[in-house]
Amino acid sequence: MNVFKIQYESVRRTRELLFRYCESMSPTDYVKEVEVLGGDSIRSLHAHVADCYRLWLGNRALGKLLPRVHPDFVGNVQEMRQLFQEVDVLVDEFLNHFGDKWAPIVRTSWENDSVALTGTWLFTHTITHEFHHRGQIVKLGRILGYIPPNLKLALPR
């Protein structure tokens with residue numbers, strides 16, 4: 001049993017709740033830049049989260065050459081869902097690559113330096129990063145007048 005696969009399944013199910021919330025918004029509000037959080041839009045925050053998974057797990061941990069995600073190329077929530085389906089495939093590949101060996105060091109560049117990171121750190125960084133921005137997405141939604149449902153971490157099945 002891979003605990004990280006079980007954990008990521010909870011992340012995916014929780015993300016689904018956020019997607020449903022975003023689908024309750026008008027398409028205009030989903031892409032609207034709001035000055036309160038530095039001019040970000042819900043779409044740009046969503047794209048940034050997907051980009052983080054691609055950068056850290058795909059490019060840095062697995063040595064892929066995945067291009068950056070540009071929010072302008074993701075037009076709506078449905079397209080963002082499709083992007084995250086690709087992220088799910090990438091995370092599965094990452095989890096299969098590391099298996100149960102989470103201590104091996106991955107050397108990578110970060111902030112003009114070379115750092116040694118473990119698979120555990122990389123995985124934890126990406127999922128906590130997603131939840132950080134999830135909170136910002138909900139905050140922007142509230143500012144735009146959309147009251148969120150209960151978006152707590154999905155319970156285990």
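What follows is calculated from the coordinates using simple rules that are stated; it is not laboratory data. Given the structure is predicted, the values throughout are model-derived calculations rather than measurements. Heads up, the Cβs are rebuilt from the backbone with ideal geometry, glycines too, and the neighbour counts pull from every protein chain shown.
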Here, GluC sites (Glu not before Pro) of region 61-130 satisfying both criteria (DSSP loop; at most 12 other Cβ within 10 Å) are 111
Cα convex hull volume per residue for region 3-143 (Å³): 105
For region 89-144, compute Rg over Rh where Rg is the Cα radius of gyration and Rh is the Kirkwood radius from the inverse mean 1/r over Cα pairs. 1.13
Residue separation between residue 92 and residue 70 times 0.36 nm, minus their alpha-carbon distance, gives in nm 5.6 nm
In a Gaussian network model over the chain where Cα atoms closer than 10 Å are linked, find which of 147, 42, 127 has the largest mean-square fluctuation. 147
Once you compute Rg and the Kirkwood Rh from C-alpha atoms, what is the Rg to Rh ratio for region 1-71? 1.05
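Counting each DSSP H run of 4 or more residues in the chain as -39500 (n - 2.57), what helix-only mean residue ellipticity at 222 nm follows after dividing by all residues, to the nearest 500 deg cm²/dmol?
-18000 deg cm²/dmol
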Over region 3-143, what is the mean sequence separation of C-alpha contacts under 8 Å (at least six apart), divided by residue count, expressed as relative contact order in percent? 26
